[in-house]
1. Condition test on Phe185, is it at pLDDT 90 or above, among the aromatic types (Phe, Trp, Tyr) and either out of contact with any Lys or Arg (no Cβ under 7 Å at 6 or more places or on another chain) or outside the structural domain of Ile63 (by TED's automatic domain parsing) (or both)?
2. Name, by its number, the condition in (1) buried (at least 18 other Cβ atoms within 10 Å of the Cβ); (2) of a type in the set (A, V, I, L, M, F, W, C); (3) within 16 Å of the ligand (Cβ to nearest atom) that does not hold for Val108.
3. Residue check, Ile138 against (1) within 16 Å of the ligand (Cβ to nearest atom); (2) surrounded by fewer than 20 Cβ atoms within 10 Å (Cβ to Cβ); (3) modelled with pLDDT of 95 or more; (4) of a type in the set (A, V, I, L, M), all met but one. Which one?
4. Please work out which residue is modelled with the highest pLDDT, limiting yourself to region 23-53 and to residues that are outside any helix (DSSP H, G or I), within 13 Å of the ligand (Cβ to nearest atom) and over 13 Å from the mean Cα position of the chain (by Cα).
5. Six or more apart or on different chains, Cβ under 6 Å: which pairs go from a residue in region 17-43 that's in contact (Cβ under 8 Å) with a residue 60 or more places away in the chain to one that's surrounded by fewer than 22 Cβ atoms within 10 Å (Cβ to Cβ) and among the basic types (Lys, Arg)? Could you list them?
6. Quick check, is Val20 β-branched (Val, Ile, Thr) and more than 8 Å from the ligand (Cβ to nearest atom)?
7. Just give me the residues in region 256-293 being over 23 Å from Tyr25 (Cα atoms), out of contact with any helix residue (DSSP H, G or I) (no Cβ under 8 Å at 6 or more places or on another chain) and either assigned to a loop (DSSP other than H, G, I, E, B) or not assigned by TED's automatic domain parsing to the domain that holds Asp325 (or both), in sequence order.
8. So which residues in region 289-320 are of a type outside the set (A, V, I, L, M, F, W, C) and at pLDDT 80 or above?
Amino acid sequence: MADISSFEDFALNRQLLNAVADAGYETPTAIQQQSIPLILAGHDVLGIAQTGTGKTAAYLLPILMKVKYAQGQHPRALILAPTRELAMQIDESITALARHTDLRHAVVYGGLGPKTQIERIQRGIDILVATPGRLLDIYRKGELVLKELKTLVLDEADKMMDMGFMPQIRRMLEIIPRKRQNLLFSATMPDRVIRLSEEFLEFPLRVEVAPQSSTAVMVNQVLYEVPNFKTKINLLSMLLQDEAVFQRVIVFTRTREIANNIFKFLARKVVSEESIRVIHANKGQNTRINAMEAFKEGNVRVLVATDVAARGIDVSLVSHVVNFDVPLIYEDYVHRIGRTGRANHTGEAVTFVTEAEAYHVEKIEKIIRMTIPRQPLPPELPVEKTTFTESQEMARTIDEQRRKDDPTFQGAFHEKKNPLKQAKPTGNGRKPPPGGARRPTGGKPDARKTTGHARSRKR
Ligand code: AMP
């Protein structure tokens with residue numbers, strides 16, 4: 001498969017490309033590179049990809065391209081998802097990616113009365129996202145016309161099978177037009193899903209995001225559980241002070257802001273200005289090339305980078321990769337740590353994880369098929385107290401993650417504004433988080449006040 005480095009390389013229209021840019025997607029992920037051209041060409045596709053690979057946009061973009069603009073009354077694309085939470089997320093992705101179009105979409109799921117959902121459908125829609133049970137309920141009431149359907153997606157098919165939705169899906173297949181494009185996405189391929197795909201897909205083309213465990217095994221990996229953002233800064237500063245060990249280091253961050261802030265702080269306080277550079281997509285091409293050259297030649301010891309900027313860097317002799325945060329595109333973890341240990345040199349990948357990021361580590365560990373060894377924090381590390389805002393954000397993030405995996409989870413975090421997310425005043429057995437996570441767009445790191453809470457570290 002050709003390496004498609006830009007969304008501009010796909011036959012997508014300007015409205016969609018602008019929405020992709022607004023979403024901050026710079027490079028298509030592997031599953032997007034493989035699936036988008038096939039779906040656009042009208043093939044049935046069997047996609048094997050986990051959450052976190054960018055699979056949602058991989059099928060939504062070509063669907064949006066095909067459905068194109070508002071037309072008629074009845075849905076032309078239907079996306080089935082096992083849980084309310086996933087259905088809502090898919091619908092949110094449609095809102096984001098279709099923002100420059102006039103496309104109308106709705107999401108229907110159980111757990112609340114169907115009246116509002118039916119009203120929405122009756123106003124006319126182009127794309128419908130649904131959980132199987134609720135979809136059939138509404139269909140049986142005679143409130144949904146499915147004869148215009150051209151594309152059907154089953155997302156997280158393995159989970160749908162696990163949740164016992166097979167009878168509803170069979171029933172669905174009987175009532176929708178035979179001539180249509182089918183897409184099936186699943187994280188795993190147990191027998192039940194293989195059988196479903198045989199029933200459901202016609203001459204499917206298979207795309208798969210291969211778990212690249214081999215790279216991961218080559219590299220010595222460690223993981224530090226760190227309570228909050230400021231302590232991460234302290235830990236990074238402490239590690240970098242050991243010049244004999246941390247000889248040539250790439251520090252990865254999820255966002256440009258964090259990359260910039262870390263760079264500024266380290267250059268001011270920790271390493272000499274000449275020995276550190278930052279690269280991200282906002283930096284000009286020349287600046288990036290210069291920084292990379294200087295790093296390769298060994299004139300620069302520390303390179304702070306975002307994932308996109310660092311793609312394609314082939315630097316042997318990198319002694320350490322530091323993941324300042326856990327990547328949300330899980331393949332990026334493999335890409336990141338693949339920078340070290342190249343060409344038979346041993347390298348080490350160090351990952352900093354807050355409690356709110358542990359969820360993503362679990363998923364990454366599934367992909368690389370190993371548990372990343374935990375390392376205790378150095379005893380002399382100044383451990384900062386987690387601010388109130390950070391712990392609030394962290395609690396909210398953890399609740400969202402729980403809900404993703406268990407749609408019946410009510411949440412322990414009280415959020416007043418959004419009634420859908422409102423917590424019940426019951427205990428869920430979840431202990432309050434000891435630390436705080438910071439949103440990727442967080443403020444300035446400032447580790448100047450390394451006040452002593454040194455022994456308050458968790459676990
Ligand atoms: P998914 O696997 O579809 O659940 O997507 C995981 C996350 O990656 C979501 O937060 C998406 O918004 C984000 N995402 C999807 N595609 C890209 C991309 N090409 N670049 C950066 N982020 C992306």
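1. Criteria not met by Phe185.
2. Evaluating Val108 over (1) buried (at least 18 other Cβ atoms within 10 Å of the Cβ); (2) of a type in the set (A, V, I, L, M, F, W, C); (3) within 16 Å of the ligand (Cβ to nearest atom) leaves (3) as the failure.
3. Going through the list (1) within 16 Å of the ligand (Cβ to nearest atom); (2) surrounded by fewer than 20 Cβ atoms within 10 Å (Cβ to Cβ); (3) modelled with pLDDT of 95 or more; (4) of a type in the set (A, V, I, L, M), Ile138 breaks only (1).
4. Taking the candidates together, the pick is Gly47.
5. Correct list of pairs: Ala19/Arg99.
6. Considered against the rule, which asks whether it is β-branched (Val, Ile, Thr) and more than 8 Å from the ligand (Cβ to nearest atom), Val20 comes out as no.
7. Across region 256-293, the qualifying residue is only Ser272.
8. Residues of region 289-320 that are of a type outside the set (A, V, I, L, M, F, W, C), as a first pass: 290, 293, 296-299, 301, 306-307, 311-312, 314, 316, 319-320.
If the condition is that a residue be of a type outside the set (A, V, I, L, M, F, W, C) and at pLDDT 80 or above, then Asn290, Glu293, Lys296, Glu297, Gly298, Asn299, Arg301, Thr306, Ser319, His320 are the ones that fit.
The values are calculated or read from the model by the stated rules, or taken from the named source; none is laboratory data. Model, not experiment: these values are computed from the prediction. Because the Cβ atoms are built from the backbone with ideal geometry, glycine has one as well, and the counts that use them run over all protein chains shown.
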